[in-house]
């Protein structure tokens, strides 16, 4: 498989800028990297659906701090209780925000017809592992308490995430299966877009696509070093879900991978591990695309079709 020509042209332009000495993420402070990520978000912005009802909400986390949420509703409200997409953004636990993935959430909401609840979990290094996971877990507890008032059917919830957001989604799915009837929310689907599943080792794809394809392997290490309290955290299955044991009974998974992504191998390995333990798994491969493909609509017009395909996956599982 060859790299999509539109992606290739965009990378060439980025490399020209790099020659003018614009530093990579792993050469920046976390604050500088966040600012650069949000600037890139503005540059990649496309005309995402605007005719949605968008509501700013918040929850009080277990440590008493406020965590922002954003609820998107389709323009045409469904009759009765509605299913829900809980969206967890990527960004290596260090960058990313409700704003950086606003367009992605709008597309899922408009195209699926379901509300989307985005969780603005707190970031490292100010909030190290497992803070982001705790915030997302607390969001599901909040959802259980607020579902009736929001008109949400807790029997039809999909956990959707990209990159480390997908890691969070799959860990929450495992925890729900472990908790059984005591789970705050038991998802019907985990949609994992180019997931991070194993920070304990370097895969072949991390070497093959180490640089030049947006997400660089050195940046991954930089993310992990800012997030983990110690090297032991990287061996914790909640940090590296590929290391989890006893995955039987977790929600059906749709795993999306990109052919030119340093995380390709661990995404494929996680899909295979789930399948081997009896979990229903669908694997969707976009062989000519890169990491962060859901936000690449202005670079590759065909991403619109990807967004439609993934929204239809959600409709199929929640419908």
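The values are calculated or read from the model by the stated rules, or taken from the named source; none is laboratory data. Note that this is a predicted model, so its numbers are computed, not measured. We place every Cβ from the backbone using ideal geometry, glycine too, and count neighbours over all the protein chains shown.
May I ask you to verify whether residue 55 is surrounded by fewer than 18 Cβ atoms within 10 Å (Cβ to Cβ), in a strand (DSSP E or B) and either touching a strand residue (DSSP E or B) at 6+ places or on another chain (Cβ under 8 Å) or free of Cβ contacts under 8 Å to residues at least 40 places away in the same chain (or both)?
On the way: surrounded by fewer than 18 Cβ atoms within 10 Å (Cβ to Cβ): yes; in a strand (DSSP E or B): yes; either touching a strand residue (DSSP E or B) at 6+ places or on another chain (Cβ under 8 Å) or free of Cβ contacts under 8 Å to residues at least 40 places away in the same chain (or both): yes.
Here the answer is yes, as residue 55 does meet what is asked.
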**Request:** Among the candidates 244, 232, single out the residue that is buried (at least 20 other Cβ atoms within 10 Å of the Cβ) and modelled with pLDDT of 95 or more.
**Result:** 244
**Prompt:** So is residue 267 closer than 28 Å to residue 210 by Cβ, outside any strand (DSSP E or B), modelled with pLDDT of 95 or more and in contact with a strand residue (DSSP E or B) (Cβ under 9 Å, 6 or more places away or on another chain) or not?
**Reply:** yes
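This table checks each residue for (1) outside any helix (DSSP H, G or I); (2) closer than 23 Å to residue 313 by Cβ.
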position	(1), (2)
42	no, no
46	yes, yes
64	yes, no
75	yes, yes
87	yes, yes
94	yes, no
97	yes, no
106	no, yes
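Quick one: which of 119, 141 is at pLDDT 95 or above and either more than 30 Å from residue 55 (Cα to Cα) or touching a helix residue (DSSP H, G or I) at 6+ places or on another chain (Cβ under 8 Å) (or both)?
Testing whether each residue is at pLDDT 95 or above and either more than 30 Å from residue 55 (Cα to Cα) or touching a helix residue (DSSP H, G or I) at 6+ places or on another chain (Cβ under 8 Å) (or both) leaves just 119.
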**Prompt:** With (1) within 21 Å of residue 271 (Cβ to Cβ); (2) within 20 Å of the chain's Cα centre (by Cα); (3) part of a helix (DSSP H, G or I) as the list, and residue 198 as the residue in question, which single condition is left unmet?
**Reply:** (3)
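Which count do you get for residues in segment 108-153 that are in a loop (DSSP other than H, G, I, E, B), crowded, with 24+ Cβ neighbours inside 10 Å and without any contact (Cβ under 8 Å) to a residue 60 or more places away in the chain? Before the answer, list the steps.
Here is the first cut: in segment 108-153, the residues in a loop (DSSP other than H, G, I, E, B) are 113-115, 120-130, 151.
Narrowing further to those that are crowded, with 24+ Cβ neighbours inside 10 Å: 114-115, 121.
From the residues that got through so far, the ones that are without any contact (Cβ under 8 Å) to a residue 60 or more places away in the chain too are 115, 121.
The number of residues fulfilling the criteria is 2.
Restricting to segment 95-104, what's the tally of residues that are buried (at least 24 other Cβ atoms within 10 Å of the Cβ) and in contact with a helix residue (DSSP H, G or I) (Cβ under 6 Å, 6 or more places away or on another chain)?
Filtering segment 95-104 for residues buried (at least 24 other Cβ atoms within 10 Å of the Cβ) gives 95-96, 101, 104.
From what is left, the residues that are in contact with a helix residue (DSSP H, G or I) (Cβ under 6 Å, 6 or more places away or on another chain) are 95, 104.
Matching residues across segment 95-104 total 2.
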**Message:** Just to check your reading of the model, which residue among 30, 23, 74 is modelled with pLDDT under 95 and either buried (at least 18 other Cβ atoms within 10 Å of the Cβ) or farther than 20 Å from residue 118 by Cβ (or both)?
**Reply:** 23
**Message:** Can you tell me how many residues within segment 280-308 are assigned to a strand (DSSP E or B), under 18 Å from residue 166 (Cα atoms) and over 15 Å from the mean Cα position of the chain (by Cα)?
**Reply:** 7
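Specify the residue that is farthest from residue 47 (Cα to Cα); the eligible residues are those in segment 260-272 that are surrounded by fewer than 19 Cβ atoms within 10 Å (Cβ to Cβ) and in contact (Cβ under 8 Å) with a residue 12 or more places away in the chain.
Looking only at segment 260-272, we keep the residues that are surrounded by fewer than 19 Cβ atoms within 10 Å (Cβ to Cβ), and these are 268-269, 272.
This time we only want the ones that are in contact (Cβ under 8 Å) with a residue 12 or more places away in the chain, so: 268-269.
On the way: 268: 32, 269: 35 Å.
The qualifying residue farthest from residue 47 (Cα to Cα) is 269.
Tell me whether segment 170-179 contains one or more residues that are in contact with a strand residue (DSSP E or B) (Cβ under 8 Å, 6 or more places away or on another chain), at pLDDT 95 or above and farther than 25 Å from residue 123 by Cα.
Residues of segment 170-179 that are in contact with a strand residue (DSSP E or B) (Cβ under 8 Å, 6 or more places away or on another chain), as a first pass: 170, 172-173.
Filter once more, so that each one left must be at pLDDT 95 or above: 170, 172-173.
From what is left, the residues that are farther than 25 Å from residue 123 by Cα are none.
Scanning segment 170-179 turns up no residue that is in contact with a strand residue (DSSP E or B) (Cβ under 8 Å, 6 or more places away or on another chain), at pLDDT 95 or above and farther than 25 Å from residue 123 by Cα.
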**Candidates 159, 168, 192 - the one that is touching a helix residue (DSSP H, G or I) at 6+ places or on another chain (Cβ under 6 Å), touching a residue at least 60 places away in the same chain (Cβ under 8 Å), within 18 Å of residue 84 (Cβ to Cβ) and part of a helix (DSSP H, G or I)** = 168
**For residue 184: the one exception among (1) in contact with a strand residue (DSSP E or B) (Cβ under 8 Å, 6 or more places away or on another chain); (2) without any contact (Cβ under 8 Å) to a residue 60 or more places away in the chain; (3) in a loop (DSSP other than H, G, I, E, B)** = (1)
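Take the conditions surrounded by 16 or more Cβ atoms within 10 Å (Cβ to Cβ) and closer than 28 Å to residue 226 by Cβ and apply them to residue 36. Does it pass?
Values: surrounded by 16 or more Cβ atoms within 10 Å (Cβ to Cβ): yes; closer than 28 Å to residue 226 by Cβ: yes.
Here the answer is yes, as residue 36 does meet what is asked.
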